Structure formats: structure tokens, C-alpha cells
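The values are calculated or read from the model by the stated rules, or taken from the named source; none is laboratory data. Keep in mind that this is a model prediction, so the values were computed, not measured. We place every Cβ from the backbone using ideal geometry, glycine too, and count neighbours over all the protein chains shown.
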Amino acid sequence: MQSLFQLNRHLLVTLTVATLLAGAGLATADDVPAADESPVIARYITLSSPIDDQMLNWVRETGLELQSAALKDDRRAVLVLELTPGNSQFHHVYGLADFLPSAALSRVTTIAWIPETVTGHNVLAALACKEIVMHPDAQLGDIGRGGPVTDDQRAFALNLVAKRHNAKVNRALVTGMIDPQASILQLTVEPADGMSEKRLVIEDEAAQMRDSGVVIKDSRNIKEPGQPGLFSGAQARNADFLVMQTVENRHDLAAAYGLPLESLREQAKPGTFNRVSLIEVKDTIDPFLESFLERQIDRAVASGSEVIIFEIDSPGGLLWQSRDLAYAIADLEERDIRTIAYVPKQALSGAAIIALGCDEIYLTPNGIFGDSGPIEMREGGQFERAPEKVLSFLREIMRELGERKGRPPALLMAMADKDLQVYEVRNKLTGDVTYMSEEEIHEAGGEWEQGRLVPESAEDLLLTLNGKRAHELLIAERPLKHQPDNPNVSFDDLKERLGIPEDIQPQKIGRTWLDDTVFVLNTNFVTGLLFFVGIICIYLELHFMSGILGIVSALCFGVFFWSKFLGGTAGWLEVLLFLLGLGCLAMEVFVIPGFGVFGVSGALLMFASLVMASQTFGNGILLKNNDLTNATWTMGTLSASIIAVIVMATAISKFLPRIPILNQMILTPPGMDTVQSPDEPQLRPDLAETGALARLLGAQGETLTMLRPAGKARVNDRLLDVVSDGPFIPQGKSVEIVQISGNRIVVREA
């Protein structure tokens, strides 16, 4: 079997990688201890506008939980609040802004993250946090949105900053955000000899400082009168006010504060954890499993799940199916569905690709991840590296998945390309650390400083990592707790890390009757049985002309294609080829008599469509031997069915006329008993009578049955099997023999 992964090869690679890791001073999977607790407890909440009571309670419960954990474990706690554009009622924001700086969160560092411009009352929530982090292009301010604010609102805002929870915010800055006519200056003053500091003041305060003799070394306008008090992240950062940091995204935010990556995943809203689904991804990834998993995902989405956990334990499989599943999972982000890859043992080859489509990846310390190189199996069972065009295609898949989910693309590409070397790099301006190939470092134009080579990419092996190394290389989250004798420990830790309450169990999306039916229908035995019944019913229909057997035959082939559709191996092309072949046979039988071009073409088209519907070809890789093997099995099944039909047809032709009741159902021309008796030999053309038949050319007779186009006719007191040369000929019509070819007699209505 040819696929992206072979078990024997995996065992060899895993052992080799373990040896290399041990030689490099790195722990192997068996040597990795249980994951240590992170020194930081962090939660991330998006405050969508408008802020309401439910959201306030959500922040309150999360904050108090962090406070309790920080006190209990003596750890640093961080609460990140992402503020979104929009406006809220003042009393809702008041409650939130009053709670954030209170003593109830004394051990919690509150951070307001502003990725987009925020104005109005929502600004007060940001000012209540201990620190503000903004995107360089985002803006914050204009609390009144160009209009006046009430005295109570003004007093609350000024009193909020007077407590100096945020050292980057003061009374003058907030005054400018409230009053469009206020002017804000940034003064560089000298409070004592040899000392210098910057202060934000309004115009009146600046005048008072000059009158009191304060030495002002420099003065610059931050806000002119008549302008809204709206400040960008880049402006505030350069002038050293309002913001503590400017970052581009959540990943940079986590790096800036040393937070675990998983902590900056979206915190689930209260009451949503009754909609968590669990989907198992096991065994080899093939078209059937792909179709099955797609149905499971659709069911999870239809049930309203906001979190889907994919429990992956697979050696891999085929490239096309792995890629399509990874993209399908990645696209769930557009529906606001959070996707989790849970890998207790292994996710290799195509299974690793599927996991990379998830928002988060959690491995146990012993979990193995990677080894996604495309391979082919040549003659003799030898594995070889796939052609460069296939490898290039897979590298592009890995790069795209890395960029979409915020993982270093170079490391993911190294899982597919054993020749790709990856280096640790550091940003020269921000100090951020990530991993790049030499080509990526060169294209960055000197922005990144090249560091040491990642050991796992140094040797001639595909990148394969355990849970600890996957976390260190920014691919997976911090490893889960693990106890070999109690596998539930890892899953319980996963639930805790995701914030799922202990009493909530993810709903496992299992097989339904439809999946079981599709599985049974796709077995070789049932497929062959459908072939046999479908063909034999066509044969019997020609004898009985009842219509029922024709319907049964159509039903058999319909069920065959339906099962292959749901099994992931058939598409509309196969159905069209089958119908086209059926049409060609109909042309041969009903329009153009004779076993010629239309008959042969129709049979070949139908045969080809049945083979194509039973398997996939190519799979994005030149898997010639694999395709040939599968095609051989399919053709063998179909051939066995045809042989069984021939045997059955022979038996039917011999014994059916002798079976009581059934023999009465066979089409028998009227008056046949007067032409010959049961004791006499049947009046039919025979090879010995070829010369006599030839003399009948041009003779006329009468149809005893309807010619559809075949039937019976009496010519010169002889009962003959004849076929119409064109349209159907009703019973009792005069016909003329126009062609005799061997035992085939063609007639035309006289």
C-alpha cells in the first residue's frame, strides 16, 4: 500500500530520531517528565460591543478565579481583555471599570489589548486596566465621540486615573480624551539638577508650572484644541504615554509578556461549554475516513458546537484526503468554532497535517508529531521519495497552514522536506524569537539575526518531535500531564486548560446508522453482490419484461454509486460515464441493431465508471502501484460478478422453462404450441441450417411477439428468433427478412 506513511518505516525513523535527540542532549519521549506548571496563569477575553451585564459577570468570574489561583499557588496571574470597536451603555462600563482596579484583583495584572480603533465609553474599560497594549495603527480615545459627556461621567473618568493604576495615563491625557477643546502638551522638565522627566499637562497646568519656576527644557503639542483626543499606538509608544507595548497580534503579545500561547486563546463565554464535541481520528487516512470525518464535522457544527476536539491517533495516510481535512478544519475558524487537536500517542504523516489545521495542538510528553514527507512504493515494496513537484506542493500546504495558525512555516515544511534546515532567529528590533530557513532569513532583509540550527532538522530525516520539543518550537501548546497507567489524566488536564468545567463531558460524535450502512456497502463482498444482482436482473428483465426487475437493477446500481459518493471515491464524473455507457448500449439495442461500436463503447464506459467509482486515482502523488493494486481488486470483483452472472444465465436458460409457474411468466409467442409440440425439437436456427437460413433472405412472415427489438416471427411455417433493424414492431405485423448474419436474422416491417 502506498501512502504518506508506512508503519515499518515509522518505527525505524522514530528510533533514529530518538537516538539523535539523545545524542544531542535532548530528552526523548520516554525521558520527558510530566509537564511543569507554567509560572504564569493567564486568561483571554474578547469584550465585544456593547458590553452588557453578562459580559461584566464573565469578567468578574474569570478575574476572581485568577485571583484565587494566584494566591493559592503563588503564581503570576494575567487577565487580557481585548476591546472591540463600538459603544456601550455607561452604567455597564462603569461597573467593569470599577471592578478591574479593585482590591479583588490585587494579584492580577489586567491588560487592555486594542487591535482596532476604540472610542466612546469602551475607552474607560481600557483606562481601568493596569497596562494598555495597542496595535501600532489602532487608536484609542474620544470618549464623548465628538460630543459632550455628563459631569458624572467626567468625574468618574478623572477619578479613575487619579488612582494611578496605569503609570502611562494621567489626568491631563483623560481630559483631552473627554474635551475636544482641551490642549495637551508634553513637557520635558528638570525637577532637580541633573534629572529630567516627561509630563503630560493641559495648557493651564503648563502655565502654572512656568509661574512656579519649574525648569521646562522642551515642550511639544500632543493634541491641539478642536481636535478629538484620539491617539494611535505608534504615536503613544514613540512619545512614551498611554501604552506599555505595541504589538501586531496575539502571538507578539504572548511573547512580550512571556505568556503561554494557549493562554491567549479565546476564553469561552459562560454557558457555551455544553456544546463541546469530540471527534476521533484514528486508523489510516483514506477517502472513506475523509468522508466519514466530514460528516462528523457537519454534525458537530449542526449541533451548535463552539469547540470541537479532534482526538488524533493515526500513522497517517493519503495526501489529498489529509490536506482537504486540514483545510476543512482550518475554515471552521470563520464560523467562530474553536478547534483543538488532542494527540495522546501519535499524529504522523497525514495525521500531522490534519492536526496543523486546528487552532491549538496539545500533545502528551510522549506524543510523537511530524514525519509528513510524501513517499511512493515502487516495485518490490521499496519506498522512495516522491517527485519534486509533489514535494513542492506539500511544502506549500505546510507553509499555508503555518501562516494561518501562527506556527513557524519553516518547521512545518521541514516535516515534509528532510533537506530543509531551520534556524532559531531573533528580531533585531523587538527581540522576538522564531524559526526560519536560510531562504526566509535572506528574504527578510536583515530584520532577523540568525542563531543556532534546530538539531532535529540537521540530519537527513524528516522533522519529528515529542510533546516537549513541539512546544519549545512554537508548534504545540505546553505538554499535557501524563500518567501511563491512567490515560484520563491527560484528557482531564486538557479540559482544565481549555476551561471546560469538570461536570461537562464533550459530546462524542460517533457512527450513525448511515455511517454503518456506508461501511457495509463499501466492502468488496457487498459491492460484488450489487454488481451481480444488478446485471442478473437486467438479464431476467429481457425474459419477463415485467419492469420490476429493471427497477431492482437500477436500484442496485443507484445504491452502489450512492455508497461510493458517501465513501468519498465517486463523483458526478463516474455517474455521467455510467449513464453515457448505458445510453450507448440502448442505441445499440434499440436504434442501431448489431453488436458494433456503440455496444462495445457502452460496455467499456460502464465498466470504467464502476472501476473509477470504487477508488481514487493519483491522490496528488504518482502512486502508480497503489492505483494498479486497487484497480485490480475492483476489476476482479466486477469480473467475478460477471462470471457469476454468466453461470446463472446459463442455468436460467436451461431450467427456467421447466419450472412451474415461472415458465408461464416467460414471453411465449401465441400459437407456438401449434407450431411445435413439447416432444419435438425446438424450431430455431442452428449452425447446421446456415445454408437453409440464407435462402430465407427476402422472405416474408408475421411477428408472433412484439420485437423490442428482439422477438419471435413465423416465416414459411418456421418459428425464428429475429431482431428488428430499427424501431419496435408490434405483434401480428408482416415483416421481411433483410439480413442474415450467422444465426442473427434481421427483419423489417413489410
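Residues in region 438-466 that are at pLDDT 90 or above and small (Gly, Ala, Ser): 1 in all. Restricting attention to region 435-454, the residues being surrounded by fewer than 15 Cβ atoms within 10 Å (Cβ to Cβ) and either assigned to a loop (DSSP other than H, G, I, E, B) or out of contact with any Phe, Trp or Tyr (no Cβ under 9 Å at 6 or more places or on another chain) (or both) number 8. Arg145 meets each of the listed conditions (1) part of a helix (DSSP H, G or I); (2) at positive phi; (3) charged (D, E, K, R) apart from (1).
In region 335-349, the condition of being in the same structural domain as Asp485 (by TED's automatic domain parsing), assigned to a helix (DSSP H, G or I) and either touching a residue at least 60 places away in the same chain (Cβ under 8 Å) or surrounded by 21 or more Cβ atoms within 10 Å (Cβ to Cβ) (or both) is met by no residue.
Per this entry, Pro136 is counted among residues that are over 22 Å from Asn57 (Cα atoms) and either touching a residue at least 40 places away in the same chain (Cβ under 8 Å) or in contact with a His (Cβ under 8 Å, 6 or more places away or on another chain) (or both).
Taking region 135-163 as the range and being farther than 21 Å from Ser232 by Cα and loosely packed, with under 12 Cβ neighbours inside 10 Å as the test, the residues that pass are Pro148, Thr150, Asp151, Asp152, Ala155, Asn159, Ala162, Lys163. Of the residues making up region 271-282, none is touching a helix residue (DSSP H, G or I) at 6+ places or on another chain (Cβ under 7 Å) and either at pLDDT below 70 or charged (D, E, K, R) (or both).
Arg407: modelled with pLDDT of 85 or more, assigned to a helix (DSSP H, G or I) and either in contact with a Leu (Cβ under 7 Å, 6 or more places away or on another chain) or closer than 30 Å to Lys345 by Cβ (or both), yes or no? Spelling it out, it is not the case that Arg407 is modelled with pLDDT of 85 or more, assigned to a helix (DSSP H, G or I) and either in contact with a Leu (Cβ under 7 Å, 6 or more places away or on another chain) or closer than 30 Å to Lys345 by Cβ (or both). Look at Ala172 and say whether it is at pLDDT below 90, assigned by TED's automatic domain parsing to the domain that holds Ala104 and either small (Gly, Ala, Ser) or over 48 Å from the mean Cα position of the chain (by Cα) (or both). Taking the combined requirement at face value, the residue does not satisfy it. Selection of region 725-745 for residues being assigned to a loop (DSSP other than H, G, I, E, B) and among the polar types (S, T, N, Q) yields Gln731, Asn743.
Regarding region 204-226, can at least one residue be identified that is of a type outside the set (Asp, Glu), closer than 20 Å to Gln89 by Cα, in a loop (DSSP other than H, G, I, E, B) and modelled with pLDDT of 85 or more? Checked against the condition, which is being of a type outside the set (Asp, Glu), closer than 20 Å to Gln89 by Cα, in a loop (DSSP other than H, G, I, E, B) and modelled with pLDDT of 85 or more, region 204-226 yields no hits at all. Among residues of region 387-407 that are closer than 13 Å to Ala330 by Cβ, none has a Cβ under 7 angstrom from a residue that is among the aromatic types (Phe, Trp, Tyr) at a sequence gap of 6+ or on a separate chain. Taking Val201 and the conditions (1) in the same structural domain as Thr117 (by TED's automatic domain parsing); (2) of a type in the set (A, V, I, L, M, F, W, C); (3) in contact with a helix residue (DSSP H, G or I) (Cβ under 6 Å, 6 or more places away or on another chain), which numbered condition does it fall short on, given that it satisfies the others? Unmet for Val201, out of (1) in the same structural domain as Thr117 (by TED's automatic domain parsing); (2) of a type in the set (A, V, I, L, M, F, W, C); (3) in contact with a helix residue (DSSP H, G or I) (Cβ under 6 Å, 6 or more places away or on another chain): (1). Taken residue by residue, region 581-591 has no member that is in a helix (DSSP H, G or I), under 30 Å from Ser322 (Cα atoms) and either modelled with pLDDT of 80 or more or among the acidic types (Asp, Glu) (or both). Within region 175-194, being in contact with a strand residue (DSSP E or B) (Cβ under 9 Å, 6 or more places away or on another chain) and either more than 21 Å from Arg154 (Cβ to Cβ) or at pLDDT below 85 (or both) holds for Gln186, Leu187, Thr188, Val189, Glu190, Pro191.
Mind checking which residues of region 148-164 are assigned to a helix (DSSP H, G or I) and out of contact with any helix residue (DSSP H, G or I) (no Cβ under 8 Å at 6 or more places or on another chain)?
Step one: of region 148-164, the residues assigned to a helix (DSSP H, G or I) are 151-162.
Within region 148-164, Asp151, Asp152, Ala155, Asn159 meet the criteria.
When Leu124, Leu100 are checked against the criterion of being in contact with a Ser or Thr (Cβ under 7 Å, 6 or more places away or on another chain) and either more than 30 Å from Lys72 (Cβ to Cβ) or in the same structural domain as Thr175 (by TED's automatic domain parsing) (or both), a single residue qualifies: Leu100. Checked against the criteria, Arg210 does not count as out of contact with any Ser or Thr (no Cβ under 7 Å at 6 or more places or on another chain), outside the structural domain of Leu81 (by TED's automatic domain parsing) and under 26 Å from Ala126 (Cβ atoms).
May I ask you to say which residue of Ala77, Ala128 is without any contact (Cβ under 8 Å) to a residue 40 or more places away in the chain, buried (at least 21 other Cβ atoms within 10 Å of the Cβ) and within 36 Å of the chain's Cα centre (by Cα)?
Residue meeting the stated conditions: Ala77.
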